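Notes for the one structure printed next.
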Amino acid sequence: MNSLEIKERDRQNILGTYARNDLCITKGSGAACYSPEGRRFIDFSSGIGVNSLGFCDEGWVRAITGQARTLQHISNLFYTEPCGELAEMLIKRTGYDKVFFGNSGAEANEGAIKAARKYSYMKYGGKRFEIITLIHSFHGRTLATITATGQEHFHKYFDPFIEGFLYAEPNDIEDMKTKISDRTCAVMIEMVQGEGGINTLDQDYVSELASICREKDILLIVDEVQTGIGRTGKLFAFEHYGIEPDLVTMAKGLGGGLPIAGILFHQRCAKALVSGDHGTTYGGNPIACAGGVEVLKRLDDGFLKDVREKAAYMRSEIEKMDGVAEVTGIGMMIGISLKEKDAKQAVKDCIEKGLIILTAKDRVRLLPPLTITMEEIKEGLNILKQVLS
Ligand SMILES: *Cc1c(COP(=O)(O)O)cnc(C)c1O
């Protein structure tokens with residue numbers, strides 16, 4: 001099929017909830033992908049932070065196809081090897097106590113919200129259920145997670161929403177203090193807001209918030225769905241801040257392209273959910289976990305150092321470009337404020353010239369595959385420079 005045919009069939013049959021770019025992609029390798037007509041694109045998006053090892057990485061393909069030939073699924077009524085292996089890797093690297101596997105970022109956040117509520121319920125009774133999130137946050141599309149999302153336009157049409165969510169101004173500890181009460185059971189944050197515009201939390205704010213939460217036994221949930229799995233140059237972004245959240249959610253980059261999500265439980269709250277409290281049919285699926293194992297194997301200290309160095313190079317090159325007002329985010333999670341050009345227009349113009357980028361609110365957002373080569377980086381930056389100046 002050619003691009004026109006693919007697009008036409010999609011428009012006729014797929015529910016129109018996505019604002020797709022006017023582009024079909026049929027295959028990819030490394031940080032490059034191709035249209036049905038053979039046009040090549042450098043990818044600075046990783047399929048929104050998912051393809052952490054790039055397109056069709058050899059080791060990853062071997063891992064998931066090998067698992068597909070062995071056992072694709074059996075359900076959580078039985079023990080299997082890949083989910084235990086992936087969980088053990090996450091536990092060893094973080095020092096956390098337990099993992100729960102699900103399928104999407106929203107689902108991981110739902111699970112964390114449930115865990116926080118149950119933890120508080122068991123210790124303090126049913127009146128301590130409020131969860132404070134940050135304005136401009138994004139936590140997913142299910143009913144609880146759109147309610148948790150601190151953006152007004154998500155809070156329409158789907159009433160009644162879940163009760164007990166409050167929103168605080170990011171990087172404003174005084175505002176947070178006015179929202180915290182004896183009804184608060186958890187605070188949920190992104191270290192760098194992704195969909196909300198690549199807004200980074202300040203160290204002082206995070207340190208003070210973490211110590212208030214500790215003091216009052218309020219669980220700190222860090223949504224690492226976009227920031228996690230090496231995206232910021234550390235396995236998790238909270239590591240940059242020297243804090244130990246109670247619950248950490250992850251998804252996007254974890255499976256390297258397969259749907260998988262996880263919740264890390266700190267010792268403090270690892271007993272909150274017990275048999276029968278939570279579950280999901282696909283959770284810990286062997287093929288998705290085999291993908292995750294390969295991703296984590298690759299993300300060793302040397303790999304993460306390389307991510308930090310490539311990110312530093314990209315940031316310094318982008319800062320020098322005409323038309324750039326500010327570069328935000330951490331590591332390979334790059335936000336760009338433009339002086340004049342509209343970010344959506346920049347995306348269109350880049351695609352026109354062979355580079356795939358994203359927006360986040362008014363900013364351009366770059367989430368290159370973590371394995372991107374210097375050659376591919378330079379090729380992409382050249383196009384970006386032409387488009388922005
Ligand atoms: C993408 C994202 C989610 C939602 O993940 P889905 O897999 O789309 O449900 C939640 N939180 C953050 C920070 C995200 O970036």
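The values are calculated or read from the model by the stated rules, or taken from the named source; none is laboratory data. Quantities reported herein were computed from a predicted structural model and do not represent experimental measurements. All Cβ positions, even for glycine, are placed from backbone atoms using ideal geometry, and neighbour counts span all protein chains on display.
Which residue, of Arg93, Arg69, is under 20 Å from the mean Cα position of the chain (by Cα), among the charged types (D, E, K, R) and surrounded by fewer than 16 Cβ atoms within 10 Å (Cβ to Cβ)?
Answer to the check: Arg93.
Which condition number does Leu381 fail, the rest of (1) surrounded by fewer than 23 Cβ atoms within 10 Å (Cβ to Cβ); (2) hydrophobic (A, V, I, L, M, F, W, C); (3) farther than 21 Å from Leu201 by Cβ; (4) in contact with a strand residue (DSSP E or B) (Cβ under 8 Å, 6 or more places away or on another chain) being met?
(4)
For the stretch 118-154, give me each residue that is within 11 Å of the ligand (Cβ to nearest atom), of a type in the set (A, V, I, L, M, F, W, C) and closer than 22 Å to His278 by Cα.
Ile146, Ala148
Select from the stretch 60-106 the residues that are among the charged types (D, E, K, R) and farther than 23 Å from Leu299 by Cβ and list them in ascending order.
Passing the criteria: only Arg69.
Between a first residue in the stretch 326-348 that is free of Cβ contacts under 8 Å to residues at least 12 places away in the same chain and a second residue that is part of a strand (DSSP E or B) and among the polar types (S, T, N, Q), which pairs have beta carbons less than 6 Å apart while being 6 or more apart in sequence or on different chains?
Taking only residues 6 or more apart or on different chains, the pairs are Glu326/Ser337.
So in the stretch 212-232, with the set limited to residues that are part of a loop (DSSP other than H, G, I, E, B) and touching a Ser or Thr at 6+ places or on another chain (Cβ under 7 Å), which one is farthest from the ligand (Cβ to nearest atom)?
Looking at residues that are part of a loop (DSSP other than H, G, I, E, B) and touching a Ser or Thr at 6+ places or on another chain (Cβ under 7 Å), I get Ile218.
Within the stretch 6-14, is even one residue modelled with pLDDT of 95 or more, surrounded by 19 or more Cβ atoms within 10 Å (Cβ to Cβ), closer than 26 Å to Gly105 by Cβ and more than 16 Å from the ligand (Cβ to nearest atom)?
no
Given the structure, is Asp217 among the acidic types (Asp, Glu) and either at positive phi or touching a Leu at 6+ places or on another chain (Cβ under 6 Å) (or both)?
yes
Against the condition touching a residue at least 60 places away in the same chain (Cβ under 8 Å), of a type outside the set (Asp, Glu), within 25 Å of Arg231 (Cα to Cα) and in contact with a helix residue (DSSP H, G or I) (Cβ under 9 Å, 6 or more places away or on another chain), how does Gly111 come out, does it pass?
no
Filter the stretch 334-366 for residues that are buried (at least 20 other Cβ atoms within 10 Å of the Cβ) and in a strand (DSSP E or B) and give the result.
Those that are buried (at least 20 other Cβ atoms within 10 Å of the Cβ) and in a strand (DSSP E or B): Ile334, Gly335, Ile336, Leu355, Ile356, Leu358, Ala360, Arg363, Val364, Arg365, Leu366.
Taking Ser75, is it touching a residue at least 24 places away in the same chain (Cβ under 8 Å), within 15 Å of the ligand (Cβ to nearest atom) and in a loop (DSSP other than H, G, I, E, B)?
no
Looking only at the stretch 48-85, which residues are farther than 30 Å from Gly194 by Cα and of a type in the set (A, V, I, L, M)?
Selection gives Ala68, Leu71, Ile74, Leu77.
From the list Leu296, Leu258, Leu235, which residue is outside any helix (DSSP H, G or I) and over 25 Å from Asn199 (Cα atoms)?
Exactly one residue qualifies, and that residue is Leu258.
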